[in-house]
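Accompanying notes for the structure given below.
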Amino acid sequence: MPIHRRRVLKSLAALGGASLLPDATAWAKTPRFFRIGTGSTGGTYFPIGGLIASAISSPPGSRPCDRGGSCGVPDLIAVAQSTEGSVYNVAAVSEGRLESGLSQADVAYWAYTGTGVYEEAGRLPNLRAIANLYPEALQFVVRVDSGVHRIPDLVGKRVSLDREGSGTLVDAKLVLSAWGLTPDDLEVVNYPPDHAVEEVRRGELDGFFLVAGTPTAAITDLAHDTQIRLLPINGEEADWLLDRYPFFARALVGAGTYHSVPAIETLSVGAQWMVSAEVDEELVFGITAALWHPTTRALLDGGHPKGELITFGTALNGVGVPLHRGAKRYYEERGVTVIEVEPPLEDETPPDSGEPEAEATQ
């Protein structure tokens with residue numbers, strides 16, 4: 001052995017070098033990667049997905065949780081991935097193209113039961129839930145100079161209903177149907193939120209529809225340089241939607257949420273975190289534990305206004321998809337009574353949902 005190497009080894013021994021070996025070899029561990037499908041970068045899913053990814057990650061070599069380091073899953077590297085939205089996410093999760101994804105509660109329910117817009121496409125039986133996160137408001141944004149004040153005024157107007165594959169597009173069609181309208185009554189384009197915002201800003205679009213937690217970054221930016229209004233989704237038509245679709249809830253976008261925009265009544269759906277039933281139980285248990293670890297609270301509260309609404313007490317609200325066995329075990333160990341979601345019978349005829357057929361199931 002060369003003399004210089006012997007001297008180094010002797011020095012390490014004198015310093016208690018053996019105790020350094022765990023930290024020195026930590027980087028040799030193989031990291032595990034875990035993607036969270038979100039939505040457009042201008043919506044709420046993307047920043048929320050990023051916060052969750054930070055909370056559950058603990059890359060090899062990270063300082064341990066009890067020493068002030070990450071309290072995520074050991075050796076896990078989670079990332080938020082921008083996607084087309086809910087409909088894309090549940091399909092990608094079910095097919096193994098994503099490890100997990102965020103979804104509107106209605107899309108997740110329809111996908112699992114094979115009802116609604118999934119009546120023809122068929123159900124996704126291996127879809128599982130980790131948690132309900134926060135409410136998402138249905139927001140119909142229009143230029144003040146568009147002359148649009150109510151949903152019926154949209155007839156003949158040029159509007160974006162979001163991309164094919166988004167849960168927003170699905171809900172837009174439901175909202176229009178409550179007023180007896182279809183997309184054919186409007187001049188519809190399917191732009192992602194960021195693109196729609198720019199088109200509204202330039203006056204090329206009268207408005208756009210978006211389902212997202214408020215305040216939504218894309219709308220916040222638009223309101224600072226363009227006069228906009230939000231259309232109310234209320235009255236008898238909203239009552240009809242609430243009676244027909246139990247995943248909807250009443251919501252209020254408060255005055256001042258967006259610059260110079262008064263309070264408006266609307267509806268909301270829950271944003272939920274989905275995963276495939278095939279994902280390892282211990283991994284999902286650890287991810288669920290990391291999501292609800294006390295150190296995650298500060299990350300959520302300080303990272304986004306909707307983060308404050310992600311609470312353990314509402315973790316199972318409105319979840320119409322079975323919990324993943326790892327998540328279920330975590331909640332039960334925390335003393336939560338988990339109500340099982342019964343799968344539909346294979347020969348059960350799906351109820352007539354009445355909503356228009358949507359290409360968004362693809």
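Derivation of every value follows stated rules applied to the coordinates shown; laboratory data play no part. Treat the numbers as computed from the prediction; the structure is a model and nothing was measured. FYI the Cβ positions are ideal-geometry reconstructions off the backbone, even for glycines, and counts take in every protein chain you see.
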Chain lengthening between Asp239 and Ser82 when straightened (0.36 nm per residue, less Cα-Cα):
53.2 nm
Cα centroids of the range 279-319 and the range 203-228: how far apart, whole angstrom?
28 Å
Integer Hz, Karplus 6.51/-1.76/1.60 couplings in order for the range 127-134, x for Gly and Pro
6, 9, 10, 9, 6, 7, 10, 7
Using mean Cβ contacts within 10 Å as the protection proxy, how do 249-259, 315-325, 172-182 order, highest first?
315-325, 172-182, 249-259
Could you sort the peptides 42-51, 140-149 by per-residue average Cβ neighbour count (10 Å cutoff), highest mean leading?
42-51, 140-149
Three-way shape label, the chain, alpha-carbon gyration tensor, a/c 1.5
prolate
Report for the chain the percent antiparallel among DSSP-assigned beta bridges with both residues inside it, nearest 5.
65 percent
Here the gain from full extension of Thr337 to Glu308, 0.36 nm per residue of separation minus their alpha-carbon distance, amounts to 8.1 nm
Rg and Dmax of the range 101-220, Cα atoms, in Å?
15.2, 47
Helix-only CD estimate at 222 nm, as mean residue ellipticity for the chain, using -39500 (n - 2.57) per DSSP H run (n ≥ 4):
-9500 deg cm²/dmol
Provide the net charge surrounding Gly147, with neighbours chosen by a C-beta distance below 14 Å and charges set as Lys +1, Arg +1, Asp -1, Glu -1.
+2
What distance in nm separates the two pseudo spin-label positions at Arg67 and Glu164, each 7 Å out from Cα along the beta-carbon direction?
5.3 nm
Residues whose placed amide H lies under 5 Å from that of Gln81, excluding near-sequence neighbours:
Ile36, Gly37, Thr38
Taking amide H atoms as placed 1.01 Å from N in the peptide plane, list the residues 5 or more away in sequence, or in a different chain, whose amide H sits under 5 Å from that of Val261.
Gly256
So between Ser260 and Ala277, what do we pick up on full extension, going 0.36 nm a residue minus the alpha carbon distance?
1.6 nm
Amide H proximity to Arg163 below 5 Å, modelled H, separation 5+ or other chain, gives none
Sequence ranges 261-269, 300-308, 98-106, ranked by mean other-Cβ count within 10 angstrom, highest first:
98-106, 261-269, 300-308
Around Lys328, what is the net charge, scoring Lys/Arg as +1 and Asp/Glu as -1 over all other residues with Cβ under 10 Å from its Cβ?
-1
Can you tell me the FRET efficiency between Asp153 and Glu120 if r is taken as the Cβ-Cβ distance and R0 is 22 Å, rounded to the nearest 0.05?
0.10
